[in-house]
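K.L.:
One structure follows; several queries about it will come next.
Read-outs throughout are calculated quantities, based only on the coordinates presented, and are distinct from any laboratory measurement. Keep in mind it's a predicted model, so treat the numbers as computed, not measured. Positions of Cβ are backbone-derived with ideal geometry, glycine not excepted, and every protein chain shown enters the neighbour counts.
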Amino acid sequence: MMEMGCSLLGCGVEDDQSWSMDDYASGTARWCPGCGDHAVLTGVERLLAAEQLAPERTVFVSGIGCSSRFPHYVNTYGFHGLHGRALPVAIGVKLRRPDLDVFVVMGDGDCCSIGAGHWIHTTRYNPNMTVLMLDNGVYGLTKNQTSPTSPQGLPSMTQPKGAYLPGLNPISTTLSVTNASFVAQTGDWIPEHLYQTIRAAYHHRGFSFVRILQRCPKFTDKLFMDAVRDPNVVELMVHPNGIPTTGLDEIYKNHVEHDPSDLQSAHRLAELGEKIRLGLFYQNESLPVYEEVRSEHLQSADRKIELLNEELDRYAV
Ligand code: SF4
């Protein structure tokens, strides 16, 4: 067991220290009973314990929304920020401390509406961090308004007769951004697939974007109901370089072979169909990572002082 207070204060971490899932838990999660956020939290705690990520070197950043309460429930460093602004905070952390493991948790409203500009540009910057976008198709925290990903026709408090427009497709959108390097989709109700997807995202070098289809029994209880009850509604993307599906094949029998290095095929598979498609759409680890490229262009502190003095000397009398 770790001595969390001591390690967080940086007053000495034993070499043989190890952390269990319970060590990463913090407080009582105050999401509704049956909310998919609980399953995601468990999957993340499993990852933290499996990878033995030191709490004092791990940061969770979030914006505003139900899922954005995430940092309160993980015993690491955390930053619960402003609506839509999780990514700029996270990229700031990463640029200052590239050695830290940075996770970002956003909802669909947070990411795809007010934070959309940050989403697009951080995808292009491709910083090395893991992004979990929990998509329940509604603004839940503010009690049921149509979100950018609400499917057309889904009733809410703001559009009671059903969402006027077709929902935005976060997978297609992310795939379309220049320099996008990791795009995956999973569902909170399949714990093993969820864990394997988060694990693959964590090990990816670059910006890994995971859309997690998330149950909201309070406001969008029917949204993923068919897929939860009937495995035939789900189609797994399978490939040796994709998300491992060992143990799931027997339950989820619909498979489509997809090489995640094939961007064109990823775009085609991302289009909405009758089935809910889960797995790794795209991965490319050879793309430039912003903090690495940037460091090549930065001058050392000594060189900066030298240049500054040279400039000041130009004006010396
Ligand atoms: Fe979860 Fe929905 Fe409740 Fe929010 S409103 S905590 S998303 S079930």
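K.L.:
Normalised by the residues of the chain, what does the relative contact order come to in percent, with Cα pairs under 8 Å and at least six apart? Don't skip to the end; give the middle numbers.
P.N.:
Details: 635 pairs, mean separation 45.7, N = 317.
Result for the chain is 14 percent.
K.L.:
Using DSSP to define loop residues, name the chymotrypsin sites (Phe, Trp or Tyr not before Pro) in the range 244-317 whose beta-carbon has at most 13 other beta-carbon atoms within 10 Å.
P.N.:
Working: sites: Tyr252, Phe281, Tyr282, Tyr290, Tyr315; in loops: Tyr252, Tyr315.
Loop-located and lightly packed - Tyr315.
K.L.:
Follow-up question, since we're still on this one. Give me the net charge for the shell around His193: Cβ to Cβ below 15 angstrom, other residues only, Lys and Arg +1, Asp and Glu -1. Intermediate values should be presented prior to the final figure.
P.N.:
Working: positive: Arg46, Arg199, Arg211, Arg215, Lys253, Lys275, Arg277; negative: Asp188, Glu192, Glu235, Asp249, Glu250.
Charge balance in the 15 Å sphere: +2.
K.L.:
Loop by DSSP (not H, G, I, E, B), at most 12 other beta-carbon atoms within 10 Å: where is the longest site-free stretch of the chain for GluC sites (Glu not before Pro)?
P.N.:
Details: sites that count: Glu14, Glu250, Glu271, Glu274, Glu285.
Formally, the longest exposed-site-free interval is 15-249.
K.L.:
Going toward the positive end of the dipole of the range 89-208, with +1 on Lys and Arg Cβ and -1 on Asp and Glu Cβ, which of Gly107, Ala180, His203 do you reach last?
P.N.:
The one lying farthest along the dipole's positive direction is Ala180.
K.L.:
To make sure I understand, if each residue's beta carbon is the centre and we count other beta carbons within 10 Å, what order do Leu87, Leu263 fall in, fewest to most?
P.N.:
Values: Leu87 28, Leu263 15.
The fewest-first ordering by Cβ neighbours comes to Leu263, Leu87.
K.L.:
Could I ask something else about it? Just to confirm the filter: which trypsin sites (Lys or Arg not before Pro) across the range 211-317 are DSSP coil and have at most 11 other Cβ within 10 angstrom of their Cβ? Could you put the intermediate results ahead of the total?
P.N.:
Values: sites: Arg211, Arg215, Lys218, Lys222, Arg229, Lys253, Arg268, Lys275, Arg277, Arg294, Arg303, Lys304, Arg314; in loops: Arg215, Lys218, Lys222, Lys253, Lys275, Arg314.
Counting only loop positions with at most 11 other Cβ atoms within 10 Å, the trypsin sites (Lys or Arg not before Pro) in the range 211-317 are Lys222, Arg314.
K.L.:
Mind checking the dipole of the range 93-233: about its Cα centre, +1 per Lys or Arg Cβ, -1 per Asp or Glu Cβ, Debye to the nearest 20?
P.N.:
Values: 13 positive and 10 negative charges, 57 e Å.
Approximately 280 debye in magnitude.
K.L.:
Oh, and also: Go ahead and estimate [θ] at 222 nm for the chain from helices alone: -39,500 (n - 2.57) per DSSP H run with n ≥ 4, summed, over the residue count, rounded to 500. Numbers along the way, then the final one.
P.N.:
Working: 11 runs with 99 residues, N = 317.
Counting only the DSSP helices, I get -9000 deg cm²/dmol.
K.L.:
Mind putting a number on the dipole of the chain about its Cα centre? Charges go on the C-beta only, +1 for Lys and Arg and -1 for Asp and Glu, and I need it in Debye to the nearest 20. Mind showing how you got there, number by number?
P.N.:
Numbers: 26 positive and 37 negative charges, 266 e Å.
Computed charge dipole of the chain: roughly 1280 debye.
K.L.:
Please report, to one decimal in angstroms, the Kirkwood hydrodynamic radius of the chain built from all distinct Cα-Cα pairs. It would help to have the intermediate numbers written out before the result.
P.N.:
Numbers: mean 1/r = 0.0485 Å⁻¹.
Computed over Cα pairs of the chain, the Kirkwood hydrodynamic radius comes out at 20.6 Å.
K.L.:
What is the sum of charges, Lys and Arg at +1 and Asp and Glu at -1, for the other residues whose Cβ falls under 14 Å from the Cβ of Leu307?
P.N.:
-2
K.L.:
Moving on. Residues with beta-carbon under 15 Å from that of Asp249, excluding Asp249: net charge, scoring Lys, Arg +1 and Asp, Glu -1?
P.N.:
Details: positive: Lys253; negative: Glu192, Glu235, Glu250, Glu257.
Net local charge, Asp249 excluded: -3.
K.L.:
A further question on this structure: Could you pull out the trypsin sites (Lys or Arg not before Pro) across the range 101-184 that fall in loop regions by DSSP (anything but H, G, I, E, B) with no more than 10 other Cβ atoms inside 10 Å?
P.N.:
Numbers: sites: Arg124, Lys143, Lys161; in loops: Lys143, Lys161.
Those satisfying the criteria are Lys161.
K.L.:
Quote the charge dipole size of the range 174-256 about the Cα centre in Debye, to the nearest 20; the model charges only the Cβ of Lys and Arg (+1) and of Asp and Glu (-1). If you can, show how the numbers build up before the last one.
P.N.:
Values: 8 positive and 8 negative charges, 63 e Å.
Around 300 debye, computed over the range 174-256.
K.L.:
Quick check for the chain: number of Lys pairs with alpha-carbon distance under 28 Å, counting only pairs 8 or more apart or on different chains?
P.N.:
11
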